[in-house]
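So the structure is just underneath, and the comments pick up after that.
The values are calculated or read from the model by the stated rules, or taken from the named source; none is laboratory data. Because the structure is a prediction, the values reported are computed rather than measured. All Cβ positions, glycine included, derive from the backbone under ideal geometry; neighbour counts span all protein chains shown.
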Amino acid sequence: MSIWEAIVLGVVQGLTEFLPVSSSGHLQIAKEILGVTIPDNLSFDVTLHAATVLSTIVVFWSEIVRLARGFFSTRYNDDMAYVLKILLSMIPIGIIGFAFKDQLNEMLSSSYILIIVGAMLLLTACLLGLTHFYKPRQKDKISYRDAFVIGLAQACAAMPGLSRSGTTIATGLLLGNQKAAVAQFSFLMVLLPIIGETVLQLLGGEFAATETGVGIGALLAGFVASFVVGYLACRFMIGVVKRGKLIWFAAYCLVMGAACIVYGSL
């Protein structure tokens, strides 16, 4: 993989991580268009995800510091409860990550990956479309039950093509949570799982060039591109969710999903 190809993939990851269109799905589409083949797709993808996690931390730094202070307080408070809900939401994706890591990596390298991506993009379109037509009574706070259900949605989004942000935000909205609240929760709940996966792969030496099939220069270029674009996309997406314009992303996923299925079937 060249540096320019890594930059393109980093831009794709950064742009689509916070937009409800599936970053994992678009990474596979971009690899197909560029003709890029990587021995360990999952390790490279995790590197780009780590960059967008860093951009999320920058955007939500003040909120993260406030939550950390509240969590380590000696008394139970709203910030402590919020962090506990985030920890609860992480359980499903943690189980999926440990139990099906090899299967997911094999799926990313399969010849029928675009058909899977297309089908999952269609499912993403359905979920986003539901939020436009079904508007339950809104709640004041995300409950522990809702946090776990949103966590289950995040675990399902391990499937390439099923948008993580789209799935979790749509699930939160369908449960009756406020738009701004569920957007922030969706972006924060992914931090620790990706950081944990990155640390595990670093300790296991899986980011070595001989393991990922990507040179250090290309890996760094992709990381930087993903971080910069992810920072801009994160700030943009918060406004999109507040304005409730997810239906346009549903239409995009519908078209892109159908195109992927047709192309992958040729």
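In this structure, does Ala81 turn out to be of a type outside the set (Val, Ile, Thr) and in contact with a Ser or Thr (Cβ under 7 Å, 6 or more places away or on another chain)?
No, not satisfied.
I need the full set of residues from segment 13-25 which are surrounded by fewer than 24 Cβ atoms within 10 Å (Cβ to Cβ) and either in contact with a Pro (Cβ under 8 Å, 6 or more places away or on another chain) or not in a loop (DSSP other than H, G, I, E, B) (or both), in order please.
Within segment 13-25, Leu15 is the sole residue that qualifies.
So is Leu123 hydrophobic (A, V, I, L, M, F, W, C) and part of a helix (DSSP H, G or I) or not?
Details: hydrophobic (A, V, I, L, M, F, W, C): yes; part of a helix (DSSP H, G or I): yes.
Taking the combined requirement at face value, the residue satisfies it.
Mind checking which residues of segment 56-86 are assigned to a helix (DSSP H, G or I), under 20 Å from Ala147 (Cα atoms) and over 23 Å from the mean Cα position of the chain (by Cα)?
Within segment 56-86, Arg66, Gly70, Phe71, Asp78, Asp79, Met80, Ala81 meet the criteria.
Are any of the residues in segment 177-185 over 26 Å from Val46 (Cβ atoms), without any contact (Cβ under 8 Å) to a residue 40 or more places away in the chain and surrounded by 15 or more Cβ atoms within 10 Å (Cβ to Cβ)? Let's see the steps before the verdict.
Here is the first cut: in segment 177-185, the residues over 26 Å from Val46 (Cβ atoms) are 177-181.
Now restrict to residues that are without any contact (Cβ under 8 Å) to a residue 40 or more places away in the chain: 177.
Narrowing the set further to residues that are surrounded by 15 or more Cβ atoms within 10 Å (Cβ to Cβ) leaves 177.
Among the residues of segment 177-185, at least one is over 26 Å from Val46 (Cβ atoms), without any contact (Cβ under 8 Å) to a residue 40 or more places away in the chain and surrounded by 15 or more Cβ atoms within 10 Å (Cβ to Cβ), which makes the answer yes.
Condition test on Gly10, is it without any contact (Cβ under 8 Å) to a residue 40 or more places away in the chain, closer than 24 Å to Ser110 by Cβ and out of contact with any Cys (no Cβ under 6 Å at 6 or more places or on another chain)? Spell out the reasoning first.
Working: without any contact (Cβ under 8 Å) to a residue 40 or more places away in the chain: no; closer than 24 Å to Ser110 by Cβ: yes; out of contact with any Cys (no Cβ under 6 Å at 6 or more places or on another chain): yes.
Here the answer is no, as Gly10 does not meet what is asked.
Under 9 Å between Cβ atoms, which residue pairs at least 6 apart in sequence (or on different chains) link something in segment 130-158 that is closer than 18 Å to Ala181 by Cα and in contact (Cβ under 8 Å) with a residue 12 or more places away in the chain with a partner that is among the charged types (D, E, K, R) and outside any helix (DSSP H, G or I)?
Between residues of segment 130-158 that are closer than 18 Å to Ala181 by Cα and in contact (Cβ under 8 Å) with a residue 12 or more places away in the chain and residues that are among the charged types (D, E, K, R) and outside any helix (DSSP H, G or I), the close pairs are Asp146/Lys139.
So how many residues does segment 124-169 have that are closer than 22 Å to Gly97 by Cα, surrounded by 20 or more Cβ atoms within 10 Å (Cβ to Cβ) and small (Gly, Ala, Ser)?
Summing the residues that are closer than 22 Å to Gly97 by Cα, surrounded by 20 or more Cβ atoms within 10 Å (Cβ to Cβ) and small (Gly, Ala, Ser) in segment 124-169 gives 9.
Does segment 202-215 contain at least one residue that is at pLDDT below 90, β-branched (Val, Ile, Thr), part of a helix (DSSP H, G or I) and more than 20 Å from Tyr252 (Cβ to Cβ)?
Applying the first criterion (at pLDDT below 90) to segment 202-215 yields 202-215.
Okay, now just the ones that are also β-branched (Val, Ile, Thr), so 210, 212, 214.
Restricting the remaining residues to those that are part of a helix (DSSP H, G or I) gives 210, 212.
Next cut, more than 20 Å from Tyr252 (Cβ to Cβ) only: 210, 212.
Looking for residues that are at pLDDT below 90, β-branched (Val, Ile, Thr), part of a helix (DSSP H, G or I) and more than 20 Å from Tyr252 (Cβ to Cβ), one finds at least one in segment 202-215, hence yes.
Please go through (1) of a type outside the set (Val, Ile, Thr); (2) crowded, with 24+ Cβ neighbours inside 10 Å; (3) in a helix (DSSP H, G or I) for Met107 and return the number of the only condition it doesn't satisfy.
Exception for Met107: condition (2).
Sort through Val46, Val8 and tell me the only one that's at pLDDT 85 or above and part of a helix (DSSP H, G or I). Walk me through it before giving the result.
Numbers: Val46 fails: at pLDDT 85 or above.
Criteria check complete, one pass: Val8.
Within segment 143-180, can you find the residues that are out of contact with any helix residue (DSSP H, G or I) (no Cβ under 8 Å at 6 or more places or on another chain) and in a helix (DSSP H, G or I)?
Correct list: Arg145 only.
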